[in-house]
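Colleague: Have a look at this one.
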Amino acid sequence: MSARTEPSVPSELVAVCGALSDETRWAILAELGRSDASASGLAQRLPVSRQAIAKHLAVLQQTGLVESRRVGREVRYRAIGATLSGTARALDRIGAEWDRRLAALKRAVEGG
Amino acid sequence: MTNADPISITRSVDIRAPRAAVWAALTTADGLASWFPQSATMDLRLGGGGVMTFEGHGDYAFRIVELSEPDVVAFVWASASLPDINEGGTLARFTLSDIPGGTRVTVVESGFEKLPDPDAAARGNEEGWELELGELRDMLEGAPE
């Protein structure tokens, strides 16, 4: 099996990394990791407007990092651990590709 | 507020060879072709770069964004289907250091969020819908019983 692998990144990883490249979204995800919360609950805990919270929650939902459910009259948001786990696995696979490439670099330079 | 460090991947390898040999493998066309692409072109200067060809997978343009012989070289690369490498691509930054008997190479790849996202257009339509739903929910959450 060739160690020569072209650079390729799954689009889910791109989307999640894009979502997580924003500090506020990290903060929202961290809050939801601690406990489920409503949009107004998040707005109370974070120095961010309700409108901004709603927009960030939309991005987090689109990328599968957060899901919502109705609890009584309230909509509660929950962090989806599986998405971050999937992202970690995708990063691990890219890391493994680099291990293979660096091993090939080592063979090429030492063998030359 | 949490510090959103960019997501990156770091890997290292120790090579029993002098620095100059390792540097050549990272910064010359023949050197790269000995371990990474099948073939490459290289214009070795800051802002230069070239194309790496992977058999069966096509061409990947790369640009040199950091160059400090013989310690650091960094490439931004993307598949040639991107009209302009500035539109996106990941960064691979190689640092070389001396270790007893050889050279350590560390690579940090980052910038995954800067890649073009083929599904973004589909999500774009959903974003409008989600925003409206979100606003509706906000209104309902605030509604009196």
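Colleague: At what distance in nm do the modelled label points of A:R107 and A:Q44 sit from each other, each positioned 7 Å from its Cα along Cα→Cβ?
Modeller: With each label placed 7 Å out from Cα toward Cβ, I get 6.0 nm.
Colleague: Considering protein heavy atoms only and a 1.4 Å probe radius, which residues within the range B:101-116 exhibit an accessible-area decrease of no less than 20 Å² in the full assembly relative to the chain by itself?
Modeller: SASA drop of 20 Å² or more in the range B:101-116: B:V107, B:E109, B:F112, B:E113, B:L115.
Colleague: Quick one: buried accessible area between B and A, total over both chains, 1.4 angstrom probe, nearest 100 Å²? Kindly include the intermediate steps, with their values, before the conclusion.
Modeller: Values: alone 9700 and 7470 Å², together 12580 Å².
Chains B and A together bury roughly 4600 Å² of accessible area.
Colleague: Computed FRET efficiency, Cβ-Cβ of A:S85 and A:D22, R0 22 Å: what is it to the nearest 0.05?
Modeller: Values: r = 21 Å, r/R0 = 0.93.
Working from the Cβ atoms, E equals 0.60.
Colleague: Along the three principal axes, how long is the range B:1-51 when you take its alpha carbons, biggest first, rounded to the nearest angstrom?
Modeller: 47, 29, 21
Colleague: By accessible area of protein heavy atoms, probe 1.4 Å, what ranking do A:S40, A:S85 get, highest first?
Modeller: Working: A:S40 35, A:S85 55 Å².
The most accessible residue leads, giving A:S85, A:S40.
Colleague: Using a simple charge model, +1 on the beta-carbon of Lys and Arg, -1 on the beta-carbon of Asp and Glu, nothing else, what dipole does the range A:49-112 show about its Cα centre, in debye to the nearest 20?
Modeller: On the way: 13 positive and 6 negative charges, 71 e Å.
With only Lys, Arg, Asp and Glu charged at Cβ, the dipole is about 340 debye.
Colleague: Say R0 is 25 Å: what FRET efficiency, to the nearest 0.05, do B:Q38 and A:D99 get from their beta-carbon distance? Before the final figure, lay out each step's value.
Modeller: Working: r = 20 Å, r/R0 = 0.80.
Plugging the Cβ-Cβ distance into 1/(1 + (r/R0)^6) gives 0.80.
Colleague: Need the full-extension length gain, A:S11 to A:R78, defined as separation in residues times 0.36 nm minus the C-alpha distance. One decimal, nm.
Modeller: Residue separation times 0.36 nm, minus the Cα-Cα distance, leaves 21.8 nm.
Colleague: At 7 Å along the Cα-to-beta-carbon direction for both A:R69 and A:R34, put a label point, then send me their distance in nm to one decimal.
Modeller: Label at A:R69, label at A:R34, 2.2 nm between them.
Colleague: May I pose another question? What span do the alpha-carbon atoms of chain A cover on each of the three principal axes, reported in whole Å from largest to smallest?
Modeller: 68, 25, 21
Colleague: Could you rank A:H56, B:H57 by how accessible they are, 1.4 Å probe, largest area first? Mind dumping the intermediate values first?
Modeller: Details: A:H56 30, B:H57 100 Å².
If we order A:H56, B:H57 from most to least accessible, we get B:H57, A:H56.
Colleague: Further, regarding this structure: For B:S68 and B:T95 in the same chain, what is the full-extension length gain: residue separation times 0.36 nm, less their Cα-Cα distance, in nm? Present the calculation step by step, with values, prior to reporting the outcome.
Modeller: Working: separation 27, 0.36 × 27 = 9.72 nm, distance 0.94 nm.
The B:S68-B:T95 span can extend by a further 8.8 nm.
Colleague: Counting other Cβ atoms within 10 Å of each Cβ, which trypsin sites (Lys or Arg not before Pro) in the range A:46-82 have at most 15 and sit in a DSSP loop? Provide the component values of the computation, followed by the final result.
Modeller: On the way: sites: A:R50, A:K55, A:R69, A:R70, A:R73, A:R76, A:R78; in loops: A:R73.
Hits after loop and neighbour filter: A:R73.
The values are calculated or read from the model by the stated rules, or taken from the named source; none is laboratory data. Bear in mind the structure is a predicted one, so any value in this text is a computation, not a measurement. All Cβ positions, glycine included, derive from the backbone under ideal geometry; neighbour counts span all protein chains shown. Just the protein is used for accessible areas: all its heavy atoms, side chains included, with ligands, DNA and RNA removed. Shrake-Rupley method; radii C 1.70, N 1.55, O 1.52, S 1.80 Å.
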